[in-house]
Amino acid sequence: MAPRPEKRVCKDDGVKYTLKEFKEYYGEKKGQKIWEAAGKAAEKAAAKPKAEPKAKAKAKAKAKAKAQAKPPRKPKVDEELLAKALEKAKGSDAKTLHLIEPLDEGMPESKHFKIESTPVPEVKEGSFLLELLAISADPYMRGSIKSGSGATAGMPMKGFVVGRILESKCPKWFPGDLLGASLPYTTVQVLTQEDLDKTVSWRLTGVLNDSNYTLGAGVLGMPGSTAWAGFFDILKPKRAPKRGEPNGETLFVSAASGAVGQLVGQLGKLCGCKVIGSAGGPEKCATIKEKFGYDHAIDYKTCKDADELKAKLKECAPDGIDMYFENVGGMHWDAAFGSLKPKGRIAVCGVISQYNDSSFAASSLPLWALIYPQIKIEGFVCFEWLAGKKGHFLRDMVRYWKKGQLQTTETIMDGLDKWPEAFQSLFTGANNGKVVVTLGEVLPLRAPREKKEEEKKEEEKKEEEKKKDDDDDKKDDDKPKTKDHDSKDDKKDSPKLEAQAVSLAAARKTSKAHLVIPGIFAAGLVIPVTLGLSSFLFGRTRREEVIATTPFLRFDSSDDMA
């Protein structure tokens, strides 16, 4: 029996592969290079003395504690600009969004919320002042304002926010730091590290800035971590035989144009899946195909029930689907479950179709249908991935975003008083993509970077060239226009024009050049065209000079003009 081929661990996914599989996936040269690197890593690991399990865990915990104890890098800020921003934040009362009374069913509206003002607290030792830049509106929040979830009259609304620190007496945070967290919707608040430890938070310093901070509530926030966790860790797509090739699996995503759905579909395409999305209306269906790369789009509003949706799903995937990312529930669940292939997987993220009901509808899940087909169904929440305790969502999503491999759409409203309207749009379908509410003007904390002398000279050079081109265009515009073709003067000159055309046609045949000859030649073109052609044909000038003197002459790039 032939020996089994050696396998080495791939750094990308931690799975062992043979040399042949490395080369098939990455290509001949890169596969060999990664194979050798994996071998060196294995040798290095083998050379280290193996510690006992307890000692190894202890060393790992010690290294982690050391990394956490290390102070983070202090962001660069302009002290004068920081002082202005801090003055603005402290110059008026902090505003908080409150729920007037619990809403067990029905559509949330502005009348269900109110805004109250309170003085900004003093920053004490160990605390920091956080100015909110944006707050999120998400479907899951509908459940948090029901009495069954513990909602009470007058309670402050809480959700995912993006903020920046303007003043700090905490060793872990500095003025200019950006962060995301689940916090009360209070425009300016004073917190401690203990407050952040009680909730979920993630550092965004160095990742985002004052101009693109809304992404911290979207692709680099809760929706991004939900998409990453649900797709990679719950659905676990198969690895493609080769990078960039199909992996042979079909993914179906409900609410595909939403904040999470648009990202799940794009992650599916990056892994080589065939991706089908469901969205409401032709405009959203066009968006998920044209902008997010979905292979098929189903307008669920044209389906009366689960059977019609299942029929449309079968048209897109005749053999069934391998994975379903559940965001909606209802007929989407029934249609998707009935379309699963053996060993199909479902990631249950949300059921937005039932959030406005007083209670969730009972689902008739046939347990026997899970056994022999080996169907896997798993519900999840994103907090562990968002906080960095599981996976590496932020690292991957930042990389995909910077490479231009992820696109997003946002519905942005400005002002704390606009949040109820933004929240309602999630259930009426008035939104498009991630819904974010910004909280007024964001004063910069850093002055624009001064350009180097080389950059300045380069810009000046470009400006001069542009000005010169504009002047040339203006001179051309000032030249007298040619007369109409039917004028008497043109009729008088017609024998000359015919002679010129014959001469140019002969020259074109000799030189294998293409001529673009306008219907009427201006009187001043006869001499330059003739001189240009004769100079070119008899080798007295370069090709560039011929083209410069004969504006209607252009040569094939395939012709050898040397």
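Candidates Lys343, Lys310, Lys314, Lys291: the one that is open to solvent by 50 Å² or more (accessible area, probe 1.4 Å), under 21 Å from Asp233 (Cβ atoms), in contact (Cβ under 8 Å) with a residue 24 or more places away in the chain and of a type in the set (D, E, K, R) is Lys343. A single entry from Thr186, Thr199 fulfils the requirement of being surrounded by fewer than 18 Cβ atoms within 10 Å (Cβ to Cβ), more than 20 Å from the chain's Cα centre (by Cα) and among the polar types (S, T, N, Q): Thr199. Residue check: Gly330 meets all listed conditions (1) more than 29 Å from the chain's Cα centre (by Cα); (2) surrounded by fewer than 19 Cβ atoms within 10 Å (Cβ to Cβ) but one, namely (1). Candidates in the range 231-249 are the residues that are of a type in the set (Gly, Ala, Ser) and under 18 Å from Lys343 (Cβ atoms); of these, the one that is surrounded by the most Cβ atoms within 10 Å (Cβ to Cβ) is Ala240.
Restricted to the range 267-288, and to residues that are open to solvent by 10 Å² or more (accessible area, probe 1.4 Å) and under 25 Å from Lys236 (Cβ atoms), which residue is farthest from the chain's Cα centre (by Cα)? Looking at residues that are open to solvent by 10 Å² or more (accessible area, probe 1.4 Å) and under 25 Å from Lys236 (Cβ atoms), I get Lys274. Looking at the structure I just gave you, is Gly206 surrounded by fewer than 24 Cβ atoms within 10 Å (Cβ to Cβ), at pLDDT below 95 and not aliphatic (A, V, I, L, M)? Judged against the criteria, Gly206 is a match. Of all residue pairs spaced 6 or more apart or on separate chains, those with beta-carbon atoms under 8 Å, a first member in the range 197-223 that is free of Cβ contacts under 8 Å to residues at least 60 places away in the same chain and a second member that is assigned to a loop (DSSP other than H, G, I, E, B) are Leu204/Leu220; Leu208/Leu220. Give me a count of the residues in the range 373-423 that are touching a Gly at 6+ places or on another chain (Cβ under 7 Å), part of a loop (DSSP other than H, G, I, E, B) and under 17 Å from Gly180 (Cβ atoms). The number of residues fulfilling the criteria is 1. Starting from residues that are part of a helix (DSSP H, G or I), of a type outside the set (Ser, Thr, Tyr) and closer than 20 Å to Asn327 by Cα, keep the ones in the range 351-372 and report whichever is modelled with the highest pLDDT. So, considering only residues that are part of a helix (DSSP H, G or I), of a type outside the set (Ser, Thr, Tyr) and closer than 20 Å to Asn327 by Cα, the one modelled with the highest pLDDT is Ile352. Identify, please: which residue in the range 161-177 is free of Cβ contacts under 8 Å to residues at least 60 places away in the same chain and farther than 22 Å from Ala217 by Cβ and is, among those, most open to solvent (accessible area, probe 1.4 Å)? Step by step, filter the range 161-177, then rank; the result is Lys169.
Specify the residue that is farthest from the chain's Cα centre (by Cα); the eligible residues are those in the range 346-362 that are open to solvent by 40 Å² or more (accessible area, probe 1.4 Å) and farther than 16 Å from Ser144 by Cβ. Only one residue tops the list, namely Ala362. Scanning the range 4-35 for residues that are among the β-branched types (Val, Ile, Thr), closer than 19 Å to Glu245 by Cβ and without any contact (Cβ under 8 Å) to a residue 40 or more places away in the chain returns Thr18, Ile34. For Ala2, the test of being surrounded by 10 or more Cβ atoms within 10 Å (Cβ to Cβ) and among the hydrophobic types (A, V, I, L, M, F, W, C) is failed. Do you know which residues across the range 424-463 are assigned to a helix (DSSP H, G or I) and more than 30 Å from Leu97 (Cβ to Cβ)? Once the filter is applied, which keeps residues that are assigned to a helix (DSSP H, G or I) and more than 30 Å from Leu97 (Cβ to Cβ), the range 424-463 yields Glu453, Glu454, Glu455, Lys456, Lys457, Glu458, Glu459, Glu460, Lys461, Lys462, Glu463.
The values are calculated or read from the model by the stated rules, or taken from the named source; none is laboratory data. Quantities reported herein were computed from a predicted structural model and do not represent experimental measurements. Reconstructed Cβ throughout: ideal geometry from the backbone, glycine too, with neighbour counts over all protein chains shown. To get the accessible areas, we keep the full protein, side chains included, count just its heavy atoms, and leave off ligands, DNA and RNA. Shrake-Rupley method; radii C 1.70, N 1.55, O 1.52, S 1.80 Å.
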